[in-house]
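Structure record follows, encoded as structure tokens.
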Amino acid sequence: MTENYDHYISRHIRRVCRRRLAAPVLYLIFLMILWASFPLYDILFPQELDSSDDLGAYIDHHSSYIETTFTDLYFTGYTNETLGQTAGYYYYTQPSKSQPLVIVLLSPSTCEEGLPVIESVHIRGRVLKENPAYHSLLEFLAEDLTWTKQEISKSVSPYFISEPAFLLLPCAILLTMYFATGIYALLHIIFNLIYIRFPVLAPACRQLGRFGRAKELLAQAETELATLPQLATEDMFITEHYFIVLASYGAAIIPIQEILWIYKHSTLHKILWYHFSISYTLHITARKRLHFHCPKNMKSDIDGIMDYLAEANHEILVGFSEENRLKVHGKRSFPVQLEKVIAAFKNKFTIKI
């Protein structure tokens, strides 16, 4: 017995934290693959486009996102329509006399819905290769100028710049989610590594610290569990002074003398109309606003735990009732009608015992 339960609480905390490292590590690897496979860096830091640059060099998937300033833009008179809405206005400009005309598709807000001339504008956009809409635009421009297709092709670049294609809002949302979830996963890894190295800092031990010095109370609980646990189930233990839960979903170390209320309820599990099992959950409320529940246990195990705790501390309220709830929590914090709705919803899925 001594060998099996020696430092059992700390070993359990380390074991659970090691298991919890897998998901965030795999997620960070997934984020790295996304970073390497998609132009996230280029969206975040688009390349500066120089007026003398060849647009064809930017057509690559990972470098088509650009940031630049255009001067002397002239409205072509044509717009780009998407789902019946004006998505952009086509302008043309000539970066230098030695280069062909460049078509720029500006967002309605940037060009104030079709200003005839724009002296200067700074945009973020994408360099795109000619597409059916762009071909149609060149045909219309050729008709307006009485040029042939060959003449318009020589005078206008086959690549154009689209500001709406940058998708600023979706990109901002995507990058915010990317970095927020990445930081969360990284913090999850860091905290679990800390808990592995110092189990006394884990949440279960911090909760124990509400009732005294966590390190000393943890050492006492470990010693009692290692020497003579007075009652033990698969993941719940009772020692002389502590009720201890060491399960895969979490851990708790609660001084028996601090427990105020214990009760159980059963949950009926079903698929459609077929009832296939009932699981039992033990609820424990202690001082310092500590509440813990132990789901998916056998009824006999929970009954034994409740009987032993009630015998060890005669001040513990046993069983779910409104009277016991009022003694522990006081008056309702919700209106009576809302309480009835919440109770009805819970009773649809659970059976209180």
Handout entry: Members of the stretch 1-46 that are surrounded by 17 or more Cβ atoms within 10 Å (Cβ to Cβ), at pLDDT 85 or above and part of a loop (DSSP other than H, G, I, E, B)
Key = Pro46
Handout entry: Count - residues of the stretch 174-195 that are open to solvent by less than 30 Å² (accessible area, probe 1.4 Å), of a type in the set (A, V, I, L, M, F, W, C) and modelled with pLDDT of 95 or more
Key = 2
Handout entry: Val104, sole failed condition from (1) under 39 Å from the mean Cα position of the chain (by Cα); (2) modelled with pLDDT of 90 or more; (3) open to solvent by 30 Å² or more (accessible area, probe 1.4 Å); (4) of a type outside the set (Asp, Glu)
Key = (3)
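Counting residues that are open to solvent by 20 Å² or more (accessible area, probe 1.4 Å) and without any contact (Cβ under 8 Å) to a residue 24 or more places away in the chain, which strands (runs of 3 or more DSSP E) fully inside the stretch 198-298 reach at least 1? Break it down into steps so the answer makes sense when it comes.
On the way: elements: 236-238, 242-247, 250-255, 259-271, 274-286, 290-297.
Passing ranges, in order: 259-271, 274-286, 290-297.
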Handout entry: Qualifying positions in the stretch 90-133 - out of contact with any strand residue (DSSP E or B) (no Cβ under 6 Å at 6 or more places or on another chain), outside any loop (DSSP other than H, G, I, E, B) and without any contact (Cβ under 8 Å) to a residue 40 or more places away in the chain
Key = Pro132
Completion exercise
Here the residues within the stretch 62-89 that are among the hydrophobic types (A, V, I, L, M, F, W, C), touching a residue at least 24 places away in the same chain (Cβ under 8 Å) and open to solvent by 50 Å² or more (accessible area, probe 1.4 Å) are Phe75
Completion exercise
Ser153 passes all but one of the listed conditions (1) in a strand (DSSP E or B); (2) without any contact (Cβ under 8 Å) to a residue 40 or more places away in the chain; the exception is number (1)
Exercise for the section: Report whether or not Asn297 is within 18 Å of Phe243 (Cα to Cα) and at pLDDT below 90. Expected result: yes
Practice task
Out of the residues in the stretch 125-137 that are modelled with pLDDT of 90 or more and of a type in the set (A, V, I, L, M), state the one that is surrounded by the most Cβ atoms within 10 Å (Cβ to Cβ).
Solution key: Val127
Fill in the blank from the handout: Residue pairs qualifying under the 6 Å Cβ cut-off, at least six apart or on distinct chains, with the first in the stretch 7-20 being under 13 Å from Ala202 (Cα atoms) and the second being among the β-branched types (Val, Ile, Thr) and surrounded by 17 or more Cβ atoms within 10 Å (Cβ to Cβ), are Arg14/Ile196; Cys17/Ile196
Practice task
Could you tell me whether Phe140 is open to solvent by 90 Å² or more (accessible area, probe 1.4 Å), touching a residue at least 24 places away in the same chain (Cβ under 8 Å) and farther than 30 Å from Arg14 by Cα?
Solution key: yes
Handout entry: Restricting the stretch 156-173 to residues that are open to solvent by 50 Å² or more (accessible area, probe 1.4 Å) and free of Cβ contacts under 8 Å to residues at least 12 places away in the same chain, the residue that is nearest to the chain's Cα centre (by Cα)
Key = Ile173
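The values are calculated or read from the model by the stated rules, or taken from the named source; none is laboratory data. All values reported here derive from a predicted model rather than from experimental measurement. Cβ sites come from the backbone with ideal geometry, for glycine too, and all protein chains shown count toward neighbours. SASA here: full protein model, heavy atoms, side chains in, ligands and nucleic acids out. Shrake-Rupley method; radii C 1.70, N 1.55, O 1.52, S 1.80 Å.
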